[in-house]
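The values are calculated or read from the model by the stated rules, or taken from the named source; none is laboratory data. Since the model is a prediction, treat every value here as computed from it, not as a measurement. Please note: Cβ atoms are built from the backbone with ideal geometry, for glycine as well, and neighbour counts cover all protein chains shown. Note: accessible area is taken over every heavy atom of the protein model, side chains too, but ligands, DNA and RNA are not part of it. Shrake-Rupley method; radii C 1.70, N 1.55, O 1.52, S 1.80 Å.
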Amino acid sequence: MTEKVALAFSGGLDTTVCVPLLKEEYGYDEVVAVTVDVGQPAEEFDEAQETADALGLDIHVVDAKEEFAALALDAVRANATYQGYPLGTALARPVIASAILSVAESEGCTGIAHGCTGKGNDQLRFEAVWRDSELEVIAPVRELGLTREWEKEYAAERNLPVQGGNGGDYSIDTNLWSRSVEGKELEEPSYVPGEEIYEWTEPPGADTEEVTIKFEQGYPVAVNGEEMEPVALIDHLNELAGSYGVGRTDAMEDRMLGLKVRENYEHPAATTLLNAHAGLEDLVLTKEERSFKTLVDNEWAEKGYQGLVDAPLVGALDAFVAKTNERVTGTVTVRFEGGQARVVGRESPYAVYSAEAASFNTEDVTGGIEQADATGVAKYHGFQERLANRSSEAANQSEGVTATDGGDRPTLGDESPLSGTDVDETASEYED
């Protein structure tokens, strides 16, 4: 019986050297190459096909752009960012892993493999999906302790068809939602990268432009009045916002294994949509909803970063996100300027806002509430805090406690800064 293994295949150095290793070191008779389209440039598929042909591999190309776009827009509803940048690679990995697993099972494979190292996050994101199957999970680069230099030498010795590109100096991952660049001199936190590392974004300039984005229940559905499907909408905003330098992040990122790494990202559409969505939520959600949703959003982003978007917890979080986003319908005006996507206007039929009530030019509030009604609230506001401070001061004076700044507390004969105030009177009554 022929033993087959499915390999997550890009045609790059790592996955190319994995092909002979899976046969020689792991005993597989046949390697099934699988490439998943989540919005990479066309030349990456050309490279994968050429390399597969040179290696004599059958390659399966799975189009998962729509599935990935749907997950990216779910992330928008959850305002999902990790340590300040939109999730891109992290969200793509479970989509890719699921597609590869489907091919592996349909091809009768007994194993499934990736070319990830043992230092990154992707190994965990892939295997979280694959280890729910009966297939043997294999990671040659990690398990054999391979380095990039060893792989280059091995490829040269075996005359493997490795594409030149930038010589493997940078590790670049591109999908519909983001583009990441790491490696070489970028590994040094003090190094200031040049414009050559960017492809999606122009240097921010003085030009500005405003766009209006329409949302329905938290999902973006139109730009400047033109309705678009998710993939087309994201592509459009990547090009438009990127032309104004929107969506660059230079991050010191904490990986799941505890390593701190430097990553450079480009994410014009993601930045634009996340900012616009948050601006609309601010208009339609109550203070309590906004506060609690921040906790939900942070937890969603953490699980998304881990590649665990199918976890039971995420399902529960999604229920809350969906409920609050029932009212996140309306339009948001975003201005591109100076590399930023800034919300400058928003409107919704569900706005928790009354211009008449909030205006300084109207005498009363609304619903029979007058400005004078706030007097009682003002008297109570901070009462407990004032009482606590006065009581603590009185107690410290009686015990001769030294102030935390090193000075002496006032003696009982000294006049308190609050003497003669309502707090002083209340504290005296309390002490009596």
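Which one of these is closer than 30 Å to GLY205 by Cβ, small (Gly, Ala, Ser) and part of a strand (DSSP E or B): ALA222, ALA232?
Matching residue, one of ALA222, ALA232: ALA222.
Which pairs turn up if I take residues in the stretch 256-278 that are at pLDDT 95 or above and part of a loop (DSSP other than H, G, I, E, B) and look for partners that are crowded, with 24+ Cβ neighbours inside 10 Å and among the basic types (Lys, Arg) with beta carbon separation below 8 Å, at least 6 apart in sequence or on another chain?
HIS267/ARG179
Go through the stretch 18-34 and give me each residue that's closer than 15 Å to ALA54 by Cβ and either part of a strand (DSSP E or B) or at pLDDT below 95 (or both).
Listed by number, the residues that qualify are VAL31, ALA33.
Go through (1) modelled with pLDDT of 95 or more; (2) β-branched (Val, Ile, Thr); (3) open to solvent by 30 Å² or more (accessible area, probe 1.4 Å) for VAL38 and report which single condition fails.
(3)
I'd like to know if the stretch 295-311 contains one or more residues that are surrounded by 14 or more Cβ atoms within 10 Å (Cβ to Cβ), at pLDDT 95 or above, in contact with a strand residue (DSSP E or B) (Cβ under 7 Å, 6 or more places away or on another chain) and not in a helix (DSSP H, G or I).
No: zero hits.
Going through the stretch 283-330 one residue at a time, which ones are over 19 Å from the mean Cα position of the chain (by Cα), more than 17 Å from TYR219 (Cα to Cα) and of a type in the set (D, E, K, R)?
Within the stretch 283-330, LYS287, GLU288, GLU289 qualify.
Is it the case, given these coordinates, that VAL246 is out of contact with any His (no Cβ under 6 Å at 6 or more places or on another chain), farther than 23 Å from LYS184 by Cβ, among the β-branched types (Val, Ile, Thr) and in a strand (DSSP E or B)?
no
Can you pull out the residues in the stretch 246-292 that are of a type in the set (D, E, K, R), in contact with a strand residue (DSSP E or B) (Cβ under 9 Å, 6 or more places away or on another chain) and open to solvent by less than 30 Å² (accessible area, probe 1.4 Å)?
Within the stretch 246-292, GLU253, ARG262, GLU263, GLU266 qualify.
For GLY108, all conditions in the list (1) on the phi < 0 side of the Ramachandran plot; (2) open to solvent by 10 Å² or more (accessible area, probe 1.4 Å) hold save one; what is the number of the exception?
Among (1) on the phi < 0 side of the Ramachandran plot; (2) open to solvent by 10 Å² or more (accessible area, probe 1.4 Å), GLY108 violates only (1).
Name the single residue, out of those in the stretch 384-413 being in a helix (DSSP H, G or I) and open to solvent by 80 Å² or more (accessible area, probe 1.4 Å), that is modelled with the lowest pLDDT.
That would be GLU399.
For the stretch 72-94, what are the residues that are in a loop (DSSP other than H, G, I, E, B) and surrounded by fewer than 24 Cβ atoms within 10 Å (Cβ to Cβ)?
Matches in the stretch 72-94: ASN79, GLN83, GLY84.
Go through (1) assigned to a helix (DSSP H, G or I); (2) in contact with a Ser or Thr (Cβ under 9 Å, 6 or more places away or on another chain); (3) aromatic (Phe, Trp, Tyr) one by one and return the number of the condition PHE336 breaks.
Exception for PHE336: condition (1).
From the list VAL192, VAL221, which residue is among the β-branched types (Val, Ile, Thr), at pLDDT 95 or above and open to solvent by less than 50 Å² (accessible area, probe 1.4 Å)?
Testing whether each residue is among the β-branched types (Val, Ile, Thr), at pLDDT 95 or above and open to solvent by less than 50 Å² (accessible area, probe 1.4 Å) leaves just VAL221.
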